[in-house]
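Shown next, in structure tokens, is the structure this report addresses.
The values are calculated or read from the model by the stated rules, or taken from the named source; none is laboratory data. Quick caveat, the model's predicted, so the values are computed rather than measured. Methodologically, a virtual Cβ is constructed for each residue, glycine included, from the backbone with ideal geometry; neighbour enumeration extends over all protein chains shown.
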Amino acid sequence: MQILQEKLILPTQTGLILIRLSEIIYCQGDRNYTLICLQSGKKIQISKILSEFENVICESDCNFYRIHKSYLINLDFVSEYWNSRHNKVILLDKTEIPVSTRRIKQFYSYLKQVYLTF
């Protein structure tokens, strides 16, 4: 994977795909693969683990946050955070993604630092 001017070059079985980081809603890790879900509804599976993908993206764009061992989200697409017994984020496309119990406090603190709060 390589980043060039806010675009990500992804290796696939058929060649390469170029996508803008701003198009990524979230990434879901599944063992040795990462599923990248785009704003267009397209899903791309690559044979890289999520932590490797996270390292490349977060090096270039700090708007992504790892909220669970299996999920890396683009904060631009978060519409709600449900705490207490729910512990999940709701994305603009209505996707619900769990927030790991171990990461709740850190995630909540991060949101308060990055965004205006009342």
Test residue 10 against the stated conditions and say whether it is buried (at least 18 other Cβ atoms within 10 Å of the Cβ), modelled with pLDDT under 95 and in a strand (DSSP E or B).
yes
Residues in the stretch 67-86: is at least one of a type outside the set (A, V, I, L, M), surrounded by 15 or more Cβ atoms within 10 Å (Cβ to Cβ), without any contact (Cβ under 8 Å) to a residue 40 or more places away in the chain and assigned to a loop (DSSP other than H, G, I, E, B)?
no
Of everything in the stretch 46-65, what is assigned to a strand (DSSP E or B) and farther than 15 Å from residue 88 by Cβ? Give them in sequence order.
46, 64
Filter the stretch 48-60 down to residues that are of a type in the set (D, E, K, R) and buried (at least 16 other Cβ atoms within 10 Å of the Cβ) and give me whichever is farthest from the chain's Cα centre (by Cα).
48
